[in-house]
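Accompanying notes for the structure given below.
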Amino acid sequence: MNTGKRLLRWASGIMLVLGAGHLSLLTLFAPEDIAGWAERGLWAAVPLGLTDDAGPTVERLQNAVTFWAGPGSFSVPLILLACLVWHLAGRGVAVPAWVGWGLAAWCVVGGVLLVPSPFFAGAVAGAFIVVAARKKP
């Protein structure tokens, strides 16, 4: 296996662990909120507006936080990107360096804003993509 392909596979693995780990932790820390979505029938289980005439409630805010920390977060697109990078690496297709630069920049900013966090591991994945893009196929 050439170095570029190996780097892309590592980058993909890091992104997959970050995305899937984020969703897994959510199911451990907020199972009641997730179960509440199913009980309410999923449709509009997380209302866009957090306030009504009485003002925001703790339950509504927690419900929104659970959504934005889970299915509304970066985790699902990150898993999809990981699968795409893995697939392209398997076919020997180069992933553009700008994808790596964008991922690295986003993860560095996220890591700086949310310390300590595993965001910086995403920056490593981005760096792997950049380096792999510079390797000859």
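Can you confirm whether residue 35 is assigned to a helix (DSSP H, G or I) and either at pLDDT below 95 or basic (Lys, Arg) (or both)?
Here the answer is yes, as residue 35 does meet what is asked.
Filter region 100-114 down to the residues that are at pLDDT 95 or above and buried (at least 18 other Cβ atoms within 10 Å of the Cβ), then identify the one that is nearest to the chain's Cα centre (by Cα).
The qualifying residue nearest to the chain's Cα centre (by Cα) is 103.
Against the condition out of contact with any strand residue (DSSP E or B) (no Cβ under 6 Å at 6 or more places or on another chain), among the β-branched types (Val, Ile, Thr) and buried (at least 16 other Cβ atoms within 10 Å of the Cβ), how does residue 85 come out, does it pass? Full working, then the answer.
Values: out of contact with any strand residue (DSSP E or B) (no Cβ under 6 Å at 6 or more places or on another chain): yes; among the β-branched types (Val, Ile, Thr): yes; buried (at least 16 other Cβ atoms within 10 Å of the Cβ): yes.
Criteria met by residue 85.
Specify which of the listed residues (73, 117) is under 28 Å from residue 9 (Cβ atoms), modelled with pLDDT of 85 or more, in contact with a His (Cβ under 9 Å, 6 or more places away or on another chain) and part of a loop (DSSP other than H, G, I, E, B).
After ruling out the rest, the residue left standing is 73.
Is it the case that some residue within region 40-49 is of a type in the set (A, V, I, L, M), surrounded by 12 or more Cβ atoms within 10 Å (Cβ to Cβ) and modelled with pLDDT of 80 or more?
no
The values are calculated or read from the model by the stated rules, or taken from the named source; none is laboratory data. Here the structure is a predicted model, which means the values were calculated and not measured. In this analysis, Cβ positions are derived from the backbone assuming ideal geometry, glycine residues included, and neighbour counts consider all displayed protein chains.
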